[in-house]
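Below is one structure, written out as structure tokens; comments come after it.
The values are calculated or read from the model by the stated rules, or taken from the named source; none is laboratory data. Small disclaimer: the values here were computed from a predicted structure and weren't measured. Here the Cβ positions follow ideal geometry from the backbone for every residue, glycine too, while neighbour counts run over all protein chains shown.
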Amino acid sequence: MRGKEVVLDKVSAKFGDFTAVNPTDLVVNAGEFFSILGPSGCGKTTILRMISGFLNPASGSIRIGEDIMTGVPANQRPTALIFQNLALFPYMSVWENIAFGLEARGVGKTERRKRAMELIELVALSGEEMKKIDELSGGQRQRVAVARALAVEPAVLLLDEPLSALDLKLRQHMRAELRQIQRMTGVTFIYITHDQGEALTMSDRVAVMNHGRIEQIDTSDRIYDHPSTPFVASFVGENNILRGRVTAIENGIATLESELGSLRGRKAPELAVGVDAMLFVRPEVLKISEQPQSDNSVAVKPVRRDMEGAFVNWVLSAGKRSLVAHLTKAADAGIDHDRSLHIEFAVDDAIVMASGELADTGGQDDEASD
Amino acid sequence: MKTETMSRSDVMLNVFIGMFVMFMFLPLMLMVMAAFNSASPPSVTDWQELTLAWFPRLAEEDRLIGCLQNSFRIAVFVVPASVLLGLSAAILLTRLEGRATNVLYAFLISPMLTPGIVLGIATIVFWRNFGVAADLFTTILAQTAFIASFPMLIIMARLQRQDRFQEEAALDLGASPFFLFRRITLPFLLPAIVSSAALAFLMSFENYNTTVFSIGGSCTLTTEIAAQARKAHTPVINALGVIFVAVTLMFSVIYTLRKQWEK
């Protein structure tokens, strides 16, 4: 099995007057584990359905390997889709489910069974081959779905949030398993999810989508450390967000006159003096002290201290704003609740971007100012 | 206070159920009893003597048996034709999108609501133009015209419960539309197809209105019984009724037992 590259050339999708996907260019490399991450309704499933052939693009074209897919029906594309509800066939046994694609291609029963047994071994289901689907656990069904899709030797495997029905432990386990199967087979995986943990841990690269538009395509690390839009910064991971106006830009460092005073951070590309901007700083880079070491600091009052295990979650108030800091146990030990405190952060750990739409995180990062 | 009204309504309900069961089964019981009474025409009030004589007499009723055979002959065609038509219509209506669906639905359901007499007469009038005389053939067509609506409704109800991702998954794995239908859709519809076939058989077998107007000089069991009922008839018909009741009971007992075993 070898993966093929998937190229979207100005592909868009419309449902009546509603534009589900704006014209999008996207190159997924052969053999890559690629995730499309975004909130529900952002158009990620629509992209998947266009690649698999269940939906025709309103414009643009899709290429898989050397072949343009326009006019090629779903049952003749080199793709296999793993559905959100798995869509396993309830009237067939495990091995018949897995061999379905081969049966559809007219492969004889002996050969079918042999191929199915190989895949059953690959997904660690040996001994379960005669069982019916409703006799399997959630994780086992997941594996049947993966094996059934791999049986047709697809060049591209498309996964539509297949882990969302599983509980947390199993989900984490299946993440590792999917990643391993992808490496072993070399098939191109395109994985759709609204769960950033899934996208960041499994993927070679992640595309973050919002309102039918891809906002950023990058590696997991780059997405987390160098978000390119306010949406990505607020959707992926946690961020403290401060609003203000840019008063100076020097050596790639922007100064923001914010509601909590003058603060500095890395300048995002295309940021200009005088514009409304947002400063993003992650909870884990904040330091809490009585005497700040730099002027990139804000006086705060502690509101709450939550022990999370690996780290300590501090909720702090500064004026009307609420800030969150994640401290290591060692850093947490030296803090005296009753003294006046400051938070501070290194200039390189914050990023200043022109104001834009934020992800809807339930409003906890932001006061009710807009 | 509350419990009192509850128990009073319980009593009312039980009385109602009792009356309902009587209303349903008393005629049936009287018919069965008359089959074992030597009095002719059949009676329960004029009880003469207990006899099984009417049962062997059935074999001598050549015309009745011929008509019974006609009933089966008609059903043999009506059942598969109705199920096939109903299946096609159900698939068309569930898969077709747009305003045409509602019109088509109303059109396909209309024979069910048309009086049987009208269907029967319409069928013979239509076919007479082509030189086809009223006979079993016209009855088969007339019955199929309205019976097909019932399988359509039953199969539609099941189709609407189907997970559409099942079919997409099959297509995605490379299945042709025919292979998909045979391997995924048909097994899913099988229970609905079996029950609609059973219903179609019963509807064809017991149909009178449409049949009597479309069959011309021929007969089915129902038309023959109706014809005899107008004259003074013998309890032979009651004996036949007893056999039907027995066969029906036997099937429902087998069905219930099988359900029990499956548990």
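I'm checking my understanding of the structure. Among residues of region A:125-152 that are closer than 14 Å to A:Ser93 by Cβ and among the charged types (D, E, K, R), which one is surrounded by the most Cβ atoms within 10 Å (Cβ to Cβ)?
A:Arg148
A quick yes/no check of all residues on (1) touching a residue at least 40 places away in the same chain (Cβ under 8 Å); (2) among the polar types (S, T, N, Q); (3) closer than 20 Å to B:Ala75 by Cβ:
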| site | (1), (2), (3) |
| --- | --- |
| B:Phe181 | no, no, no |
| B:Ile184 | no, no, no |
| B:Ser196 | yes, yes, yes |
| B:Leu202 | no, no, yes |
| B:Val212 | yes, no, yes |
| B:Ser218 | yes, yes, yes |
| B:Pro235 | yes, no, no |
| B:Val253 | no, no, no |
| B:Gln260 | no, yes, no |
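Starting from residues that are assigned to a helix (DSSP H, G or I) and away from chain B (no Cβ under 14 Å), keep the ones in region A:90-108 and report whichever is farthest from A:Arg175 (Cα to Cα). Steps first, please.
Our first condition is that a residue be assigned to a helix (DSSP H, G or I); within region A:90-108, this holds for A:94-98, A:100-104.
After this cut, where a residue has to be away from chain B (no Cβ under 14 Å) as well, the list is A:94-95.
Details: A:Val94: 22, A:Trp95: 23 Å.
Per the stated criteria, the residue is A:Trp95.
Quick test of your reading of the structure: B:Gly86 fulfils all but one of (1) in the same structural domain as B:Val194 (by TED's automatic domain parsing); (2) exposed (fewer than 14 other Cβ atoms within 10 Å of the Cβ). Name the failing condition by number.
Of (1) in the same structural domain as B:Val194 (by TED's automatic domain parsing); (2) exposed (fewer than 14 other Cβ atoms within 10 Å of the Cβ), only one is false for B:Gly86: (2).
Restricting attention to region A:96-132, which residues are under 11 Å from A:Arg148 (Cβ atoms) and in contact (Cβ under 8 Å) with a residue 40 or more places away in the chain?
A:Asn97, A:Ile98, A:Ala99, A:Phe100, A:Gly101, A:Leu102, A:Val123
Suppose we filter A:Val298, A:Val315 for residues that are within 20 Å of A:Gly265 (Cα to Cα), part of a strand (DSSP E or B) and at pLDDT 90 or above; which single one remains? Reasoning before the result, please.
Details: A:Val315 fails: within 20 Å of A:Gly265 (Cα to Cα).
Answer to the selection: A:Val298.
Could you run through region A:218-240 and say how many residues are of a type outside the set (S, T, N, Q) and crowded, with 19+ Cβ neighbours inside 10 Å?
Looking only at region A:218-240, we keep the residues that are of a type outside the set (S, T, N, Q), and these are A:218, A:221-227, A:230-233, A:235-238.
Now drop any that are not crowded, with 19+ Cβ neighbours inside 10 Å, which leaves A:223, A:227, A:230-233, A:235-236.
Of the residues in region A:218-240, 8 are of a type outside the set (S, T, N, Q) and crowded, with 19+ Cβ neighbours inside 10 Å.
Return the residue satisfying two criteria in turn: it lies in region A:55-68 and is loosely packed, with under 15 Cβ neighbours inside 10 Å and touching a residue at least 40 places away in the same chain (Cβ under 8 Å), and of such residues it is nearest to the other protein chains (Cβ to nearest Cβ). Outline the logic, then answer.
First, pick out the residues of region A:55-68 that are loosely packed, with under 15 Cβ neighbours inside 10 Å: A:56, A:59, A:61, A:66-68.
Next, only the ones that are touching a residue at least 40 places away in the same chain (Cβ under 8 Å) stay: A:59, A:61.
Working: A:Ser59: 23, A:Ser61: 20 Å.
The selected residue is A:Ser61.
Are there any pairs, at least 6 apart or on different chains, whose C-beta atoms fall under 6 Å, with the first in region B:44-56 and in a loop (DSSP other than H, G, I, E, B) and the second at pLDDT below 90, and if so, which?
Note: pairs meeting the criteria are B:Asp46/B:Ala39; B:Gln48/B:Ser38; B:Gln48/B:Ala39; B:Glu49/B:Ser38; B:Thr51/B:Ser38.
Taking region A:153-171, which residues are surrounded by 21 or more Cβ atoms within 10 Å (Cβ to Cβ) and in contact (Cβ under 8 Å) with a residue 40 or more places away in the chain?
First pass over region A:153-171, keeping only residues surrounded by 21 or more Cβ atoms within 10 Å (Cβ to Cβ): A:154-160, A:162-163.
Within region A:153-171, A:Pro154, A:Ala155, A:Val156, A:Leu157, A:Leu158, A:Leu159, A:Asp160, A:Pro162 qualify.
Mind checking whether some residue in region A:37-54 is surrounded by fewer than 20 Cβ atoms within 10 Å (Cβ to Cβ), in contact with a helix residue (DSSP H, G or I) (Cβ under 7 Å, 6 or more places away or on another chain), aromatic (Phe, Trp, Tyr) and not in a helix (DSSP H, G or I)?
There is at least one residue in region A:37-54 that is surrounded by fewer than 20 Cβ atoms within 10 Å (Cβ to Cβ), in contact with a helix residue (DSSP H, G or I) (Cβ under 7 Å, 6 or more places away or on another chain), aromatic (Phe, Trp, Tyr) and not in a helix (DSSP H, G or I).
Can you name the number of the only condition in (1) within 14 Å of chain A (Cβ to nearest Cβ); (2) at positive phi that B:Gly131 fails?
(1)
Which one of these is in a helix (DSSP H, G or I) and surrounded by fewer than 20 Cβ atoms within 10 Å (Cβ to Cβ): B:Ile140, B:Ile65, B:Ile154? Step through it out loud before you land on a result.
Details: B:Ile140 fails: surrounded by fewer than 20 Cβ atoms within 10 Å (Cβ to Cβ); B:Ile154 fails: surrounded by fewer than 20 Cβ atoms within 10 Å (Cβ to Cβ).
One residue alone meets the criteria, B:Ile65.
Tell me which of these B:Leu113 doesn't satisfy, since it passes every other one: (1) more than 24 Å from B:Ser88 (Cα to Cα); (2) loosely packed, with under 13 Cβ neighbours inside 10 Å.
So the condition that B:Leu113 fails would be (1).
Among the residues of region B:149-196, how many are facing chain A (nearest Cβ under 10 Å) and closer than 13 Å to B:Thr94 by Cα?
Qualifying residue count for the region: 2.
Within region A:122-167, how many residues turn out to be touching a strand residue (DSSP E or B) at 6+ places or on another chain (Cβ under 6 Å) and part of a loop (DSSP other than H, G, I, E, B)?
Number of matching residues: 5.
When both residues are 6+ apart or on different chains and their Cβ atoms are under 9 Å apart, which pairs have a first residue that lies in region A:69-82 and is on the phi < 0 side of the Ramachandran plot and more than 10 Å from every other protein chain (Cβ to nearest Cβ), and a second that is assigned to a helix (DSSP H, G or I) and crowded, with 19+ Cβ neighbours inside 10 Å?
From region A:69-82, the pairs are A:Met69/A:Met50; A:Met69/A:Ile51.
Can you give me the number of residues within region A:233-262 that are in contact with a helix residue (DSSP H, G or I) (Cβ under 9 Å, 6 or more places away or on another chain) and either in the same structural domain as A:Phe33 (by TED's automatic domain parsing) or assigned to a loop (DSSP other than H, G, I, E, B) (or both)? Steps first, answer last, please.
Of all residues in region A:233-262, those in contact with a helix residue (DSSP H, G or I) (Cβ under 9 Å, 6 or more places away or on another chain) come to A:235-241, A:253.
So of that shortlist, the ones also either in the same structural domain as A:Phe33 (by TED's automatic domain parsing) or assigned to a loop (DSSP other than H, G, I, E, B) (or both) come out as A:236-239.
Going through region A:233-262 one residue at a time, the tally reaches 4.
Those residues that are within 24 Å of the chain's Cα centre (by Cα) and surrounded by 19 or more Cβ atoms within 10 Å (Cβ to Cβ), I need them from region A:267-281; list them, please.
A:Ala268, A:Met278, A:Leu279, A:Phe280, A:Val281
Checking B:Ser176 against (1) free of Cβ contacts under 8 Å to residues at least 24 places away in the same chain; (2) of a type in the set (Gly, Ala, Ser); (3) crowded, with 18+ Cβ neighbours inside 10 Å: exactly one of these is not met. Which one?
It fails just one condition, (3).
If a residue counts only when it is at pLDDT 90 or above and β-branched (Val, Ile, Thr), which helices (runs of 4 or more DSSP H) contained entirely in region B:171-263 have at least 1 such residues?
B:186-206, B:209-214, B:221-230, B:236-262
Condition check ((1) surrounded by fewer than 18 Cβ atoms within 10 Å (Cβ to Cβ); (2) of a type outside the set (A, V, I, L, M); (3) touching a residue at least 40 places away in the same chain (Cβ under 8 Å); (4) not assigned by TED's automatic domain parsing to the domain that holds B:Ala75) across all residues:
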position: B:Thr144; (1), (2), (3), (4): no, yes, yes, no
position: B:Ala148; (1), (2), (3), (4): no, no, yes, no
position: B:Ala169; (1), (2), (3), (4): no, no, no, no
position: B:Asn209; (1), (2), (3), (4): yes, yes, yes, no
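Go through the residues of region A:99-121 one by one and say whether even a single one is of a type outside the set (Asp, Glu) and in contact with a strand residue (DSSP E or B) (Cβ under 6 Å, 6 or more places away or on another chain). Spell out the reasoning first.
If we filter region A:99-121 for residues that are of a type outside the set (Asp, Glu), which is where we start, we get A:99-102, A:104-110, A:112-117, A:119-120.
This time we only want the ones that are in contact with a strand residue (DSSP E or B) (Cβ under 6 Å, 6 or more places away or on another chain), so: none.
Checked against the condition, which is being of a type outside the set (Asp, Glu) and in contact with a strand residue (DSSP E or B) (Cβ under 6 Å, 6 or more places away or on another chain), region A:99-121 yields no hits at all.
If a residue must be surrounded by 17 or more Cβ atoms within 10 Å (Cβ to Cβ), in contact with a Lys or Arg (Cβ under 9 Å, 6 or more places away or on another chain) and over 13 Å from A:Leu260 (Cα atoms), how many such residues does region A:283-312 contain?
Qualifying residue count for the region: 2.
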